[in-house]
Amino acid sequence: MSGNMSDVTDALVNEVDIAVAAWHEDGRWNLAQLPDAHDLPHIIERLKSQQTNGGAIALLAIDEEFFMVIRVLGSHISMLLSDITCAIDYEVAAEFLELCDLDSPEEDDEPLPVGNLDILADLGVNQMEIAALCDDAELFPDEQLEAIASRLGFADQFAELLEL
């Protein structure tokens, strides 16, 4: 058996990660899987190149623990992280906070969403809905993203892409 245990762990981690780009073109949503949910600069670059008049959105779920939404609209980048406390254990969440110029959480901080909660407001998903989704401890991140995809009007494509 070649390789080491961390290769196996990486493979497992990546299997539960979700990284989907969505953009609106010719009156309909187009979706594509992104190669690496942990490479935020690359994801932002992809969104910049993919955007149309409604911009482009990335829906990311990490390790069944938390989700992120990134939206590029023109030169404006908005980002949302479902749980700030994940930055304690996850490099990608810590990187998210750096990119947004937000302070790192303390051990005793509440698991609250941070970033732009109005990130999808103009598309029909308001701050209250986002906060309620982030707050719902019964839902896994993929289910939270599925709910967002549903509200945006591309739930079927989202499920099909991820074979949910």
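The values are calculated or read from the model by the stated rules, or taken from the named source; none is laboratory data. Please read these numbers as outputs of a predicted model, since none were measured by experiment. For neighbour counting, all protein chains shown are included, and Cβ atoms are generated from backbone atoms with ideal geometry for every residue, glycine included. Surface accessibility is based on the protein's heavy atoms, side chains included, excluding ligands, DNA and RNA. Shrake-Rupley method; radii C 1.70, N 1.55, O 1.52, S 1.80 Å.
Just for the stretch 67-88: of the residues that are at negative phi and free of Cβ contacts under 8 Å to residues at least 24 places away in the same chain, which one is least open to solvent (accessible area, probe 1.4 Å)?
Per the criteria, the residue is A87.
Each row is one residue, and each column tells you yes or no for (1) more than 17 Å from W29 (Cα to Cα); (2) assigned to a helix (DSSP H, G or I); (3) out of contact with any Phe, Trp or Tyr (no Cβ under 8 Å at 6 or more places or on another chain).
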site	(1), (2), (3)
K48	no, yes, yes
R71	no, no, yes
I77	yes, no, yes
V92	yes, yes, yes
E129	yes, yes, yes
L133	yes, yes, yes
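Being open to solvent by 10 Å² or more (accessible area, probe 1.4 Å), of a type in the set (G, A, S) and closer than 22 Å to R151 by Cα is the requirement here; does G27 meet it?
So G27 fits the description; yes.
Sort through E64, E106, E91 and tell me the only one that's modelled with pLDDT under 95, over 18 Å from A147 (Cα atoms) and exposed (fewer than 15 other Cβ atoms within 10 Å of the Cβ).
Sole residue among the options that is modelled with pLDDT under 95, over 18 Å from A147 (Cα atoms) and exposed (fewer than 15 other Cβ atoms within 10 Å of the Cβ): E106.
Inside the stretch 119-161, can you point out the residues that are charged (D, E, K, R) and either exposed (fewer than 14 other Cβ atoms within 10 Å of the Cβ) or without any contact (Cβ under 8 Å) to a residue 24 or more places away in the chain (or both)?
Hits for the stretch 119-161 are D122, E129, D135, D136, E138, E143, E146, D156, E160.
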